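Comments concern the structure below.
The values are calculated or read from the model by the stated rules, or taken from the named source; none is laboratory data. Being a predicted model, the structure only gives us computed values, none of them experimental. Cβ: placed from backbone, ideal geometry, glycine included. Neighbour counts: every protein chain shown.
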Amino acid sequence: MIKLEHMSKMYGDFPAVIDVSVEIQKGEIVGFLGPNGAGKTTTMRVLTGFAPPTEGTASIAGYDVVAHSLEARRHTGYLPETVPLYLDMTVTDYLKFMGHLRGMDDRWIERRLPEVIDRVKLDYYKNTHIQKLSKGYRQRVGIAQAILHEPEVLILDEPTIGIDPVQVVETRGLISELAGDHTLILSSHILPEVSAICKRVLVIHEGRIVADDEPRNLSNKLQHTERVQLAVRGAEARDVIGALRSMPFVVDVRNDSSTDGRRITSEGALPFIVDAKPGNRAVEALAKTVVGRGWGLVNLHPLPMTLEEIFLQLTTEEDVK
């Protein structure tokens, strides 16, 4: 459905994207991550036909974005980071205008318009001038224009940037609903957003793809220690930390300040994170030690790396290839 083959993009002498080869199958929901300036937006501009690749090829639904640009665009819905809205138009007039620009006839627009307005929950504002809408509702208008022509591919560039936390949650929910109908690329540097929506992650760093996998698989590949979360009742924190740190395979023990850890604490137990050398059956040994001391073992399970930790490891180490 989406294919990049040895695609590079230069701005003068500056290489914004370097030799990227990626294939995304129909129905996949892919998170596209990278620090600011890593090449995310440039890659999306190439895919959507706004900027031709300097080398290599890019195609959407089998159509080359340069040789068959119009066909590729007919299969693509695009929400850029800054949505190009006409503020003096009403929501309905703007969407009709965008439909005509995309080659939709009046019958198609009339059938599709109420479906899209309902989908993005803009019915109350359909006759409101866009300039009067909040940033969050303007984002909804941007998403509406991206899906109006029923594209197979949906490309969203930083869809929740600059909107308030309530609208972030609502927009994520909307994107999750859209994911069932489209092949979707979501560009973001907000990692919980990607974790909540995407099953596959691409990480770009200094113009190169440095990771392409499911978050769990990336965690398994990159995690150099076995991490365990546990909660203990009936003991002092210093006693638990001292006992666990004395175990020969334990690398570190610390209080767990995560949301899960705070929830466990509210149940009357003390939460901890233990990092252990792999291959030592850490979960079993930790359980035996806690129970052997006469403490209550409330919770115990392996803990993979978070997407934040994966992202930082891939984009800050000097030896990233």
Legend entry - Subset of region 58-93 that is closer than 25 Å to S21 by Cβ and charged (D, E, K, R) - its residue that is surrounded by the most Cβ atoms within 10 Å (Cβ to Cβ): R73
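Looking at region 98-190, what helices (runs of 4 or more DSSP H) fall wholly within it and have at least 2 residues that are at pLDDT 90 or above, farther than 23 Å from V201 by Cα and small (G, A, S)? Give the derivation first.
Values: elements: 106-119, 135-147, 165-178.
Filter on region 98-190 gives 135-147.
Of everything in region 273-284 that's surrounded by fewer than 17 Cβ atoms within 10 Å (Cβ to Cβ) and not polar (S, T, N, Q), which residue is nearest to L300 (Cα to Cα)? Quick ask: steps written out before the conclusion?
Looking only at region 273-284, we keep the residues that are surrounded by fewer than 17 Cβ atoms within 10 Å (Cβ to Cβ), and these are 277-281, 283-284.
Next, only the ones that are not polar (S, T, N, Q) stay: 277-279, 281, 283-284.
Values: K277: 17, P278: 17, G279: 17, R281: 13, V283: 7, E284: 9 Å.
The selected residue is V283.
So if I check each of E158, E81, E150, E170, which one is within 18 Å of the chain's Cα centre (by Cα), of a type outside the set (G, A, S) and on the phi > 0 side of the Ramachandran plot? So that I can check it myself, show each step before the final result.
On the way: E81 fails: on the phi > 0 side of the Ramachandran plot; E150 fails: within 18 Å of the chain's Cα centre (by Cα); E170 fails: on the phi > 0 side of the Ramachandran plot.
Going through E158, E81, E150, E170 in turn, the sole match is E158.
Would you be able to say whether some residue in region 214-221 is under 22 Å from I2 (Cβ atoms) and crowded, with 17+ Cβ neighbours inside 10 Å?
For region 214-221, residues under 22 Å from I2 (Cβ atoms) and crowded, with 17+ Cβ neighbours inside 10 Å: present.
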Inset, instruction - Show the residue pairs that are 6+ apart or on different chains and have beta-carbon atoms under 8 Å apart, the first residue being within region 290-317 and free of Cβ contacts under 8 Å to residues at least 40 places away in the same chain, the second being outside any helix (DSSP H, G or I). - result: V291/L297
Inset, instruction - Take N217 and decide whether it is without any contact (Cβ under 8 Å) to a residue 60 or more places away in the chain and farther than 23 Å from G294 by Cα. - result: yes
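Is region 63-76 home to any residue that is polar (S, T, N, Q), more than 16 Å from I185 (Cα to Cα) and assigned to a strand (DSSP E or B)?
Narrowing region 63-76 to residues polar (S, T, N, Q): 69, 76.
When the remaining residues are screened for being more than 16 Å from I185 (Cα to Cα), the result is 69.
Then drop every residue that is not assigned to a strand (DSSP E or B), which leaves none.
No, there is no match, as no residue in region 63-76 is polar (S, T, N, Q), more than 16 Å from I185 (Cα to Cα) and assigned to a strand (DSSP E or B).
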